[in-house]
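One structure is given below, encoded as C-alpha cells.
The values are calculated or read from the model by the stated rules, or taken from the named source; none is laboratory data. These figures come from a predicted structure and were not determined experimentally. Because the Cβ atoms are built from the backbone with ideal geometry, glycine has one as well, and the counts that use them run over all protein chains shown.
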Amino acid sequence: MRLGLLSDVHGNRIALEAVLADMPPVDGLVCAGDVVGYGPWPGECVAMLRERDVPTVLGNHDRAVAGGSTAGFNGMAKAGVEYAREALDDDALAWLSNLPERRTVADGRVAVVHGHPDDPDRYTYPHQMSERLLARAADRLDANEWELDALVFGHTHLQGTESFPRGVVVNPGSVGQPRDGDPRAAYAVLDVAAREVDLRRVAYDVEAVAEAVAEAGLPERIGSRLFEGE
C-alpha cells in the first residue's frame, strides 16, 4: 500500500491543488492536521479533503477554529483562526470538531498524530525522531507496536523522515506554509509494506496566495513569508 501524506495545509487552496496534481499514484491519502488557520481558503481546503474522504487528525489550529482556545497563538495565527471561524459553515466546523487527535490507517499499520503521540501540541523536530515515538504511538492508540510500520505527524512544518528496525517515522512537511527555507509545498509518499518514504516538493503560485491573503484582510506577513519558506 502506498499512502500520500499531507499536513499543515493551513487554508492554502492553491498549494493543496498543486500537491494533489503532483501526487503520484497512491492507494489513499492521510492528513496529519491543521487543515485550516492562516490561509484565505479554509472552507475550500476542508471541502477538498472531505470530498476525498481523507483520514485526518485534529491540529491545534483546527481545534482553535472549532471553538478552542487561541492562548499562545501569535497575532497572525489568531487572525487566521478568527477568519476561518467566520468563513466556515456549521457543517465544516462540526467536521473539524469531530476529528480525532490520534488515529490509525492502513489496517492499523500506520499511526497518525499532529505533534506527538502523547501531546498533539508538542513540537517534534526531525532530529527528535526516534524508535520510542513508534512505541508511544502504539501505546496511546492501543495498537500492537510490532504491527505498526509507520508514524506520521506534522506541526513543525519541517519535512523529514527516519527509519528504525521497528518502523519509519515521517513528517511530510507543510503543504500550505513550509518553514524550512524552501517555499515549495511539501508532502510525502509512504510505501507501507517496504517502510520507505519519498519526501516530495512542488512549486505553486505563491504570488496568487499572497494577493488572496491581502484581499481577505489577513495580516500581510501571512502571505509574504510564503516567498521565503518560513
Selection within the stretch 163-184 - closer than 12 Å to residue 3 by Cβ, part of a strand (DSSP E or B) and within 15 Å of the chain's Cα centre (by Cα): 170
All positions within the stretch 185-210 that are assigned to a helix (DSSP H, G or I) and either in contact (Cβ under 8 Å) with a residue 40 or more places away in the chain or more than 17 Å from residue 79 (Cβ to Cβ) (or both): 206, 207, 208, 209
Residue count for the stretch 32-57, restricted to those that are at negative phi, surrounded by fewer than 18 Cβ atoms within 10 Å (Cβ to Cβ) and not in a helix (DSSP H, G or I): 2
Number of the exception - residue 71 against (1) in a helix (DSSP H, G or I); (2) closer than 18 Å to residue 121 by Cβ; (3) not β-branched (Val, Ile, Thr): (1)
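Let's see how each residue does on (1) touching an Asp or Glu at 6+ places or on another chain (Cβ under 9 Å); (2) of a type outside the set (Gly, Ala, Ser); (3) more than 30 Å from residue 132 (Cβ to Cβ); (4) at pLDDT 95 or above:
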residue: 157; (1), (2), (3), (4): yes, yes, no, yes
residue: 182; (1), (2), (3), (4): no, yes, no, yes
residue: 199; (1), (2), (3), (4): no, yes, no, yes
residue: 204; (1), (2), (3), (4): yes, yes, yes, yes
residue: 217; (1), (2), (3), (4): no, no, yes, yes
residue: 230; (1), (2), (3), (4): yes, yes, no, no
Subset of the stretch 90-121 (residues that are out of contact with any Pro (no Cβ under 8 Å at 6 or more places or on another chain), assigned to a loop (DSSP other than H, G, I, E, B) and touching a residue at least 24 places away in the same chain (Cβ under 8 Å)): 99, 100, 106, 108, 109, 115, 116, 117, 120, 121
Condition check for residue 124: at pLDDT 95 or above, closer than 23 Å to residue 195 by Cα and assigned to a loop (DSSP other than H, G, I, E, B): yes
Test: residue in the stretch 141-161 that is of a type in the set (Asp, Glu), surrounded by fewer than 16 Cβ atoms within 10 Å (Cβ to Cβ) and either in contact with a strand residue (DSSP E or B) (Cβ under 7 Å, 6 or more places away or on another chain) or part of a helix (DSSP H, G or I) (or both): no
